[in-house]
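S.K.: Quick one: the structure is below, and I'll ask about it shortly.
Bear in mind these aren't lab numbers, they're just calculated from the coordinates by the rules spelled out. No experiment lies behind these values; they were computed from the predicted model shown. Using ideal geometry, Cβ is built from the backbone for each residue, glycine included, and neighbour counts are taken over all protein chains shown.
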Amino acid sequence: MKALDLKLLRDLWRMRGQALAIALVLAAATATFVLSLGVHRSLTETRDAYYARNHFADIFAEMTRAPRNIVARVAAIPGVQRAEGVIQQYASLDMPGRNIPVRALVNSVDEHGHDRLNLVTLREGRMPRPGASREVVVDEAFAEANALGPGDEIDAIIYGSRLRLRIVGVGLAPNFIYSLAPGDIIPDNSRFGVFWMGEKALEAATDRKEAINALSLTLEKGASDADVIRKVDTLLAPYGGTGAYGREDHLSHAFLDNELMQLDAMTEVIPPVFLLVATFLVYIVLGRMIRTERTQIGLLKAFGYSDLAIASHYLKFALAIAVVAAVAGSLAGVWMGQAMTRLYAEYYRFPFLEYRNSPVVFLGAAMLSFGAAALGALAGMRAAARLSPAVAMSPPPPPVYRAGMVERFGTAAGFTAIGYMITRHIARWPWRSAITVLGVALSMGLLFATLQFLDSSRAMLDSYFFRAQRQDLTVTFTEPRNEDVLYELAQLPGVLRVEPARGVPVKLHFGNRMERTAIESATGDAQLSARIDGEGKAIALPVAGLMLSRQMADKLGVHAGDRVFVELLGGRQTKSVLPVAGIVDEFVGERVYAAQATLERITRDASPAGSALLRIDPAARDGLLARLKDMPQVLGVTERDAAMNKFEEMIDDNLYTMLFFYVGFASAIAVGVVYNSARILFSERANELATLRVLGYYRSEVGLVLLGELALLVAAAVPVGCILGYWLAQVMTAMFSSDLFRLPFAPTRATYGYSILVILASAALTALAVARRVLRLDMVRVLKARE
Amino acid sequence: MELAFRGSALGKVYRTGETEVHALRGVDLEIRTGELLVLLGPSGSGKSTLLNIIGGLDRPTSGELHYGGTDLVGLNDRELTRFRRANIGFIFQFYNLIPSLTAEENVRLVTDIADRPMEPGEALALVGLAERANHYPAQLSGGEQQRVAVARAIAKQPGVLLCDEPTGALDSKTGIRVLETLAKANRELGTTVAIITHNVGIAAMAQRVLHFLDGRIARTEINENPVDPQAISW
C-alpha cells in the first residue's frame, strides 16, 4: 500500500468520530432513499403483476338491475376487449357472540370457472361448486380478523332473507386490495368482509335471475376510456346506471395510488435534506483538516507529490466516508423497508408482498452519497491543491479578529472576556457558524414536519369524527326508504334522535371537466351531521344551489357563483343547471352537498333516504344493535366510535413507526452537525482552553467556552428550525394531500416543543460528550507546543 | 525571611508505555517569599517539571510540597486550580495569548476571576504597553506579546510568578525589556519570581541560582549582588 493511502487510513481512524458522524447523516439520506424507492417499487411491481395475472378490469359500472344480456352489448362497444357482469350485494352477518354489526359485500362468481376479470386467488380451500346454494369464499383479511376458515359457517341476511353460508375457501382479488365498508374511511376487517358466491346461488338469494347490477370490462390497446365510458353510460341509463368509471376512481386502486404518491413525496423531500447537511459537514471537516495539515501538505509537495495527488488524497477521505454511508444506509433502508412493507401488508392485501429492491436503486443511493461527499470536498481539495510548498511549510498567519457588533453593546451588557472569546470566534468563522445553525435547524425542521403529520391526522380525525359526524350510529338500508322507516327507527328503545341521510349519484360537468359523485343532503333542522370548514366552523347548507368541498371544486375548477351542469344518474336521469353557492374546506373526500329542497328539485321526487343517522342512549346500545340486526330493511350499522378507534389505531401504528424512524433521523443530523462543530472547535481552541486552565479557570468554566459557543449556535438554530419546519411541513402536507384526503396544516404547540426538546437534547448530549475532552486536556504539553 | 515553598524529596516519574522516565529524583528546596530565583540546566534536567509541580499544573509522584501552610500534594484538581487562581502567575515561552482578545481583554481574563486584582490598564502600564491596550495579539510584536503575558500574570497580584523560558523566543533587546518587567514586579510588588532559562547570562539578575542536572539540584549558587537586567550580557 502506498504511504499516502496508509496516511488516509490512519487519518480515517484518528478522525473516526467525525467521519462516523458524517457517515450517519449520509446514511440517513441513503436509507430514506432506499426505503421509499424500494417500498414504492415493491408496491408498484407487486400491484402490476397482480393486476396482470388476475386481470383487473379497466372500467367499472354499477346499476340498479340489468338483464344479463346487457353484457354482450357492452362487450360489443368498439374498444372493449372483454366485459363481465356480476351481482354485488351487501349482506348483514349474524355472528355468534358478536352483537357488533358486521357486513359483507357478496360478489357473484361463475361456478364453472368462466370468469376472466378480477379473478379470485385462492389462499385456502376451493371456489363454490355449481349447484351449491350456500357456499362462499371469504377474503383473507376478514378470515384472519374473525378466525374463520373453510368448514366454518356464518348466518347472513341477504336481500332480506336469512341464509346459513358455508365457507369453502379463503381468497383475495385485485379489485379488493384495499376494502372499505360504505361510509368508512379506514378498513376494519373484523366488521367488513368481501365474499364470493356462486352466480346461480346469489341470483336466487337476491331474486335477480339472469340479472346483474355491476359490470367491469377491459379495453383494447389504444381504446379511449372516455369514449367507452360514454357509450356504457348510454347503454346502462335505462337500468339505473350510476355512471361508469375508470381505475382512477376505483376505490381500492385510488387508495393504493394515494399511498404511492405519498412515497414519491417522501423521496422528493427527505433525502435531499440529509444530502445537503452531509455536504456541509464534509465541507467544514475537510476545511479544518487541510488547515491543520498545512505543513504536511507542503512537505508532500516538496517531496514531489503533484497538486492532483494531494487533492485526490482528500477526495478519497470524503469518498471513504460515503462508501461506509452507502453500505450502512442501504442496509438500514432495506431493514426499514421491510418493516414498512409489513405495515402496508396489513392494510393492502396482496397474494404476496415482499420488500424487493433493484440494483439500480442501490446504485442510485450510492451515487447520491458519493456526489454529496465529493461536492463537500471540492473547496478543501482546491485549497489543498493551491497551497505552494514554501508557503505551506511556514506557520500559518495568525487569525485576525476584529471587534464587531457585540462590542458596541457587550461592555454595557457586562460581557466578560470569555464572552468576547465566544462571540468573536463565531464572527471569525461565519460560514462554519452558519452551517452549524442551518444543520441543526434543518434537523429540527425535519422532525417538526414529520411530527406535524400526527397533528394533521388528529385534526382531520377531530374534524371528521367529532365535528362533522355527531351521530352514534349510521343505519344503512338495503335500498332507499321513505319516511316510515324513520318513524319505525325512532320507536326503538334507546333511540334519542333519527335523521335521514340522503345521497343521489350524479355527474357534475363544468366546462370540459366532469366528475362522478353523489349529492348529499340533510334536513334543515339536522343536528347529527355538519359540514366543517378548515377553521372548525360548521357551515350551513345553502338555501339554493350546491355546496362543494374544496377538493371537488378544485377538480372541476369551479368557484362560488359558477353554474354547473348536473346529470342525475339512475332514476329519472334528469339534467339541470345549478349555481355553486359555496365551497367548504373539508379534509376527507370530494363531496357535494345540497339542501333537501334543492335535491328534490334535481330528482323531481321526494327523494328517499339511503341511510339514517341515530343518536342513542349508550346504555341501550347492545339491545338496540340486536334489534337493528333483525330489521329486514337494515343492511348494516356503522358505529362512529368503532370507526374512530380504528382510525386512531392506524395513526398510532404509524406514530410509533414514524417516531422511531424520524426522531432517529433528525437526531442523526443534529448529532452529526454538533459533533463535528464541537470537535473542530475543540481542536482549534485546545491551546486557549489549556491557557485558561493555567490561568486558574476551573474545568467547568473552561468547558463553558466550548459549550457556550455551541449553545449560542444551537439557540440561534431554534427559531430558524421552527421557520424551516413550518415551511417544510406546509410543503409536505400539500404534497401528501390527494383526492381522498386533504391534510390540514395544524401544528400543535406540543409539536414545536417536542421538536425543540429532541434537538436540544441531542445537541446537548453530543456537546457534553465532546466537552469531556476538557477533562483530559494536558495543560503542560499544549503550552509547550506552538500550534 | 518567610518561606513561600518548602519541598522535600520531590520525585516525578513519567510512564510512557514500557519505559519510565525519572524527571525528578528527590529534590529538596526552599523558596523564600520575595526572592528572585533562576533555574539553570540542560534540557530534560527537571527544571520545567519542578516549576509545573510548584505551580500546581502537575503533581509529584513522591515527596512533600507546602506553599505557606498548604499541603499541595494532597489537593484535588479543583483545589489546585483554586491555588493557581489565587497565587500563581505563569509566563511561557510562547506567550499563549488568546488571539481573539485584545491586550487589555487578555489581562481581563485574569482580573475577571482574581480576588484582589489591579485594573487591567494598570497592569499594562506596568509593562509599558498602556497605549497598545486595544491591539489584538496579531497586531503586536513578539516582545510586546510577551509583555502582555507578563501583565496578565501580574494583574492578579500573585504571590509567585513562574516563568518558563520567558525570553526563549525573543531577541536580546526585547528579552531584556521583559526581564525588566519581571524584576520590577519582584522589586515593587514583592512578588516571588522563578525563571527557567538556558541563558546563563540571566542568572546574574537572580538572588539565588539553582543548577539542575539529571532530575536533581546539582548546585545552589547565591548571588550577593544581583544586577539590573540592563546589565546582563545576553
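S.K.: Quote the relative contact order of segment A:495-616 in percent (integer), defining contacts as alpha-carbon pairs under 8 Å separated by 6+ residues.
M.R.: Working: 272 pairs, mean separation 46.3, N = 122.
Reported relative contact order: 38 percent.
S.K.: Whole angstrom only: what separates the Cα centroid of segment A:695-725 from the Cα centroid of segment A:178-254?
M.R.: 63 Å
S.K.: Treat the count of other C-beta atoms within 10 Å as a stand-in for reagent exposure and order A:F142, B:F94 from fewest to most.
M.R.: Values: A:F142 23, B:F94 19.
Lowest to highest Cβ neighbour count: B:F94, A:F142.
S.K.: If I model segment A:54-254 as equal point scatterers sitting on the Cα atoms and use the Debye formula, what is log10 I(q)/I(0) at q = 0.13, 0.14, 0.19 Å⁻¹?
M.R.: Values returned for q = 0.13, 0.14, 0.19 Å⁻¹ are -0.68, -0.79, -1.40.
S.K.: If I fit a long axis through the Cα atoms of helix A:307-347 and take the longest principal axis of the Cα atoms of chain A, what angle between them do I get, 0 to 90°, rounded to 10?
M.R.: Taking Cα atoms only, the helix is inclined about 30 degrees.
S.K.: Among A:C722, A:L692, A:G753, pick out the residue whose Cα is farthest towards the positive end of the charge dipole of segment A:665-787, where Lys and Arg carry +1 and Asp and Glu carry -1 on C-beta, about the Cα centre.
M.R.: A:L692
S.K.: From the residues A:A594, A:P632, A:V584, which one has its Cα farthest along the dipole of segment A:584-632 in the positive direction, the dipole being from +1 and -1 charges on Cβ of Lys/Arg and Asp/Glu about the Cα centre?
M.R.: So the residue furthest toward the plus end is A:P632.
S.K.: Follow-up question, since we're still on this one. Equivalent-ellipsoid semi-axes (√(5λ), Cα gyration tensor) for chain B, whole Å, largest first?
M.R.: Its equivalent ellipsoid spans semi-axes of 28, 21, 17 Å.
S.K.: With a 10 Å radius around each residue's Cβ, average the other Cβ atoms per peptide and rank A:15-26, A:618-629, B:3-14, highest first.
M.R.: Numbers: A:15-26: 23.8, A:618-629: 15.3, B:3-14: 17.7.
Result, highest mean first: A:15-26, B:3-14, A:618-629.
S.K.: What ranking, highest mean first, results for peptides A:635-646, A:489-500 when packing means the other Cβ atoms within 10 Å averaged over each residue? Don't jump to the answer; show the numbers that get you there.
M.R.: Details: A:635-646: 19.3, A:489-500: 16.9.
Listed from highest to lowest mean packing, they are A:635-646, A:489-500.
S.K.: Compute the acute angle (0 to 90°) between the alpha-carbon long axis of helix A:699-736 and the principal axis of greatest extent of the alpha-carbon atoms of chain A; round to the nearest 10°.
M.R.: Value to nearest ten degrees: 30.
S.K.: Follow-up question, since we're still on this one. Return the average number of partner chain Cβ atoms within 10 angstrom of each residue Cβ along peptide A:416-424.
M.R.: On the way: counts 5, 15, 7, 2, 7, 6, 1, 1, 7.
For this peptide, the per-residue mean of nearby foreign Cβ atoms is 6.
S.K.: Let me ask something additional. For the protein assembly as shown, what does -39500 (n - 2.57) per DSSP helix run (n ≥ 4), summed and divided by total residues, give at 222 nm, in deg cm²/dmol to the nearest 500?
M.R.: That calculation yields -16000 deg cm²/dmol at 222 nm.
S.K.: Next question. Full-extension gain between A:D653 and A:R356, please, as 0.36 nm times their residue separation minus the C-alpha to C-alpha distance. Walk me through the numbers on the way to the answer.
M.R.: Details: separation 297, 0.36 × 297 = 106.92 nm, distance 2.25 nm.
104.7 nm is the gain from fully extending A:D653 to A:R356.
S.K.: Under 15 Å Cα to Cα from A:K629, which aspartates and glutamates show up? Leave out anything in the same chain fewer than 8 places away.
M.R.: A:D94, A:D155, A:E488, A:E639
S.K.: Among A:K209, B:K156, A:K221, rank each residue by its count of other Cβ atoms within 10 Å, from fewest to most, as a rough exposure measure. If you can, show how the numbers build up before the last one.
M.R.: Values: A:K209 10, B:K156 25, A:K221 6.
Going from sparsest to densest Cβ surroundings: A:K221, A:K209, B:K156.
S.K.: Right, something else. Would you work out which of B:P42, B:S62, B:N76 lies farthest towards the positive end of the dipole of segment B:40-82? Charges go on Cβ: Lys and Arg +1, Asp and Glu -1.
M.R.: My answer, from the dipole projection, is B:P42.
S.K.: May I pose another question? So for the pair B:V73, B:R219, with labels modelled 7 Å out along Cα→Cβ, what separation do we get in nm?
M.R.: 3.0 nm
S.K.: Okay, next question. About the Cα centre of chain B, what is the dipole size in debye to 20, counting +1 per Lys and Arg Cβ and -1 per Asp and Glu Cβ, all else neutral?
M.R.: Details: 24 positive and 28 negative charges, 26 e Å.
Here chain B has a charge dipole of around 120 debye.
S.K.: Mind giving me the nanometre distance, one decimal, between the label points for A:A132 and A:V323, set 7 Å out from Cα along Cα→Cβ?
M.R.: 6.1 nm
S.K.: Inverting the mean 1/r over all pairs of different Cα atoms, compute the Kirkwood radius of segment A:657-739 and quote it in Å. Please list the in-between numbers first.
M.R.: On the way: mean 1/r = 0.0640 Å⁻¹.
Across segment A:657-739, the inverse of the average 1/r is 15.6 Å.
S.K.: For segment B:146-226, which GluC sites (Glu not before Pro) are in a loop by DSSP, counting at most 11 other Cβ atoms within 10 Å? Walk me through the numbers before you get to the answer.
M.R.: Values: sites: B:E180, B:E188, B:E221, B:E224; in loops: B:E224.
Within segment B:146-226, the qualifying GluC sites (Glu not before Pro) (loop, at most 11 other Cβ atoms within 10 Å) are B:E224.
S.K.: Across peptide B:138-144, how many C-beta atoms of other chains are within 10 Å of each residue C-beta, on average?
M.R.: 1
S.K.: Moving on. Would you list, by chain and number, the aspartates and glutamates whose Cα falls below 18 Å from the Cα of A:K7, excluding same-chain residues fewer than 8 positions away?
M.R.: Hits, sequence-local ones excluded: A:E293, A:D307.
S.K.: Okay, next question. If you count, for every residue in A:773-780, the Cβ atoms of partner chains within 10 Å of its Cβ, what is the mean?
M.R.: Mean number of neighbouring Cβ atoms from other chains: 2.
S.K.: Hey, which lysines would be in cross-link range of A:K507, C-alpha to C-alpha under 25 Å, not counting anything within fewer than 8 residues on its own chain?
M.R.: Answer for A:K507, where 25 Å is the Cα cut-off: A:K231, A:K555, A:K575, listed by chain and number.
S.K.: Once label points are set 7 Å from the Cα along Cα→Cβ at both A:R291 and B:S62, what is their separation, rounded to one decimal in nm?
M.R.: The two pseudo-label positions are separated by 4.7 nm.
S.K.: Follow-up. Write down Rg/Rh for segment A:495-616, rounded to two decimals, with Rg from the C-alpha atoms and Rh from the Kirkwood relation over Cα pairs. If you can, show how the numbers build up before the last one.
M.R.: Numbers: Rg = 13.9 Å, Rh = 14.6 Å.
My calculation of the ratio gives 0.95.
S.K.: Taking Cα atoms, how many degrees apart are the long axis of helix A:621-630 and the longest axis of chain A, rounded to 10 and kept between 0 and 90?
M.R.: 50 degrees
S.K.: Using the Cα centre of the protein assembly as shown as the reference point, and only Cβ charges (+1 on K/R, -1 on D/E), how large is the resulting charge dipole? Debye, rounded to the nearest 20. Don't skip to the end; give the middle numbers.
M.R.: On the way: 106 positive and 105 negative charges, 511 e Å.
It comes to approximately 2460 debye.
S.K.: Does anything in segment A:156-196 have its amide N under 20 Å from the 7 Å Cα→Cβ label point of A:D264, and if so which residues?
M.R.: Only A:178 fall inside the zone, counting backbone N under 20 Å.
S.K.: At 1.002 mPa s and 20 °C, plugging the Kirkwood radius over alpha-carbon pairs of chain A into Stokes-Einstein gives what diffusion coefficient in µm²/s? Please list the in-between numbers first.
M.R.: On the way: Rh = 30.5 Å.
This corresponds to a translational diffusion coefficient of 70 µm²/s.
S.K.: Give me the percent relative contact order of chain B, please, defined on Cα pairs under 8 angstrom at least 6 residues apart. Write down the numbers at each step before the final one.
M.R.: Values: 493 pairs, mean separation 61.3, N = 234.
Across chain B, relative contact order equals 26 percent.
S.K.: For chain A, what does the relative contact order come out to in percent, with C-alpha contacts under 8 Å and a separation of six or more?
M.R.: On the way: 1433 pairs, mean separation 137.4, N = 787.
That works out to 17 percent.
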